[in-house]
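A.B. asks: Structure provided below as structure tokens; questions to follow.
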Amino acid sequence: MIFLKDFLESAEAHYFVGYRVHYYLFTDQPEAVPNVKLGEERKLIVRKVPSSNSELDNEADYIFCFDVDAKFYARWSAETLSHMVAVIHPWFYNYPREKFTYERRPESEAFIPADEGDFYYAGGEFGGSVQEVHKLTKTCTEKQSIDRAKSIEALWHNESHLNRYFLYNKPSKLLSPEYLWRDISAGTNEVKVIRFTSVAKNMAEVRPNI
């Protein structure tokens, strides 16, 4: 929850401004959700996990899934909408395929052979129509469950399974790293506008078991 207030406040300033937006937060700590003032026709809907997807099916046309330890810094709007949306990973956008850190163990459900793969996609953000995102998350969850039953964990967890999914289910829209940069202070000549970035964090505080 330590990142949620900044995430929402930055989203209110930059994310689909002028549109009706519902933020769905899935958490095991609903009582810890901070109070953030939202604009007209914008609301935060908190769901204690696990939760049903039926409300999403009825209320939304598109949905984006974000890591909450991030902030918006510039306009984000309808140019990002499509059937299935992926983002090129900010650390790998200018690397050759042989440098991508795909899951390479054949026994994992996230396995990608050495001679396959188009891009390395970021796991911290994806979106699209509600139906397509539901299909993606359902498939990746099932694949992770199969791996766990075999005592396997993919190299980059959810991100590894997401890359496997997109290999065989191509995104209809691909966003550049300006839509998920690695650090607002790490500028580059190639990315002119940084719209959304991860935030600096103390990993020992966020993940004390590391």
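The values are calculated or read from the model by the stated rules, or taken from the named source; none is laboratory data. The shown structure was predicted, so the numbers you read here are calculated from the model rather than taken from an experiment. Every residue, glycine among them, receives a Cβ derived from its backbone with ideal geometry; neighbour counts consider all protein chains shown.
A.B. asks: Does Phe92 meet the test of being free of Cβ contacts under 8 Å to residues at least 40 places away in the same chain, under 17 Å from the mean Cα position of the chain (by Cα) and outside any strand (DSSP E or B)?
C.D. replies: yes
A.B. asks: What do you reckon, is His83 under 21 Å from Asn163 (Cα atoms) and touching a Gly at 6+ places or on another chain (Cβ under 8 Å)?
C.D. replies: Judged against the criteria, His83 is a match.
A.B. asks: Could you give me the residue pairs with C-beta distances under 6 Å whose first residue belongs to segment 100-119 and is closer than 22 Å to Pro171 by Cβ, whose second residue is part of a strand (DSSP E or B) and β-branched (Val, Ile, Thr) wherever it lies, and which are 6+ apart or on separate chains?
C.D. replies: Every condition considered, the pairs that remain are Phe119/Ile88.
Per-residue answers, yes or no, for (1) in contact with an Asp or Glu (Cβ under 7 Å, 6 or more places away or on another chain); (2) among the aliphatic types (A, V, I, L, M); (3) within 22 Å of Glu178 (Cβ to Cβ); (4) not in a strand (DSSP E or B):
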residue	(1), (2), (3), (4)
Glu98	no, no, no, yes
Arg105	no, no, no, yes
Ser108	yes, no, no, yes
Pro113	no, no, no, yes
Glu116	no, no, no, yes
Phe119	no, no, yes, yes
Phe126	no, no, yes, no
Gln131	no, no, no, yes
His134	no, no, no, yes
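A.B. asks: If you don't mind, there's one more thing I want to ask. Counting only residues that are over 18 Å from the mean Cα position of the chain (by Cα) and part of a helix (DSSP H, G or I), which one in segment 43-60 is modelled with the highest pLDDT?
C.D. replies: The qualifying residue modelled with the highest pLDDT is Glu59.
A.B. asks: Oh, and also: Being touching a strand residue (DSSP E or B) at 6+ places or on another chain (Cβ under 6 Å), surrounded by 15 or more Cβ atoms within 10 Å (Cβ to Cβ) and either closer than 25 Å to Asp61 by Cβ or modelled with pLDDT of 95 or more (or both) is the requirement here; does Glu132 meet it?
C.D. replies: yes
A.B. asks: Shifting gears a bit: Would you tally the residues in segment 118-132 being under 14 Å from Val87 (Cα atoms) and of a type in the set (A, V, I, L, M)?
C.D. replies: First, the residues of segment 118-132 that are under 14 Å from Val87 (Cα atoms): 118-128.
Narrowing further to those that are of a type in the set (A, V, I, L, M): 122.
Total meeting the criteria: 1.
To keep it simple, each residue is scored yes or no on (1) touching a helix residue (DSSP H, G or I) at 6+ places or on another chain (Cβ under 7 Å); (2) among the charged types (D, E, K, R); (3) surrounded by 14 or more Cβ atoms within 10 Å (Cβ to Cβ); (4) within 24 Å of Leu8 (Cβ to Cβ).
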site	(1), (2), (3), (4)
Phe72	yes, no, yes, yes
Gly124	no, no, yes, yes
Glu142	no, yes, no, no
Lys150	no, yes, no, no
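A.B. asks: If you take the residues of segment 136-173 that are out of contact with any strand residue (DSSP E or B) (no Cβ under 8 Å at 6 or more places or on another chain), in a helix (DSSP H, G or I) and hydrophobic (A, V, I, L, M, F, W, C), which of them is farthest from Ala86 (Cα to Cα)?
C.D. replies: Filtering segment 136-173 for residues that are out of contact with any strand residue (DSSP E or B) (no Cβ under 8 Å at 6 or more places or on another chain), in a helix (DSSP H, G or I) and hydrophobic (A, V, I, L, M, F, W, C), the one farthest from Ala86 (Cα to Cα) comes out as Ala149.
A.B. asks: Oh, and also: Output yes when any residue across segment 83-102 is closer than 22 Å to Gln144 by Cα and exposed (fewer than 14 other Cβ atoms within 10 Å of the Cβ), and no when none is.
C.D. replies: no
A.B. asks: Right, here's the next one. Considering segment 157-173 alone, what residues qualify as being of a type outside the set (S, T, N, Q), more than 13 Å from Phe111 (Cβ to Cβ) and either in contact with a helix residue (DSSP H, G or I) (Cβ under 8 Å, 6 or more places away or on another chain) or surrounded by fewer than 17 Cβ atoms within 10 Å (Cβ to Cβ) (or both)?
C.D. replies: Scanning segment 157-173 gives His157, Leu162, Lys170, Lys173.
A.B. asks: Turning to a different aspect of this structure: I need the full set of residues from segment 10-32 which are at pLDDT below 90 and surrounded by 14 or more Cβ atoms within 10 Å (Cβ to Cβ), in order please. Even if it seems obvious, please write down each step before you answer.
C.D. replies: Initial filter on segment 10-32 (at pLDDT below 90): 26-32.
Result: Thr27, single match.
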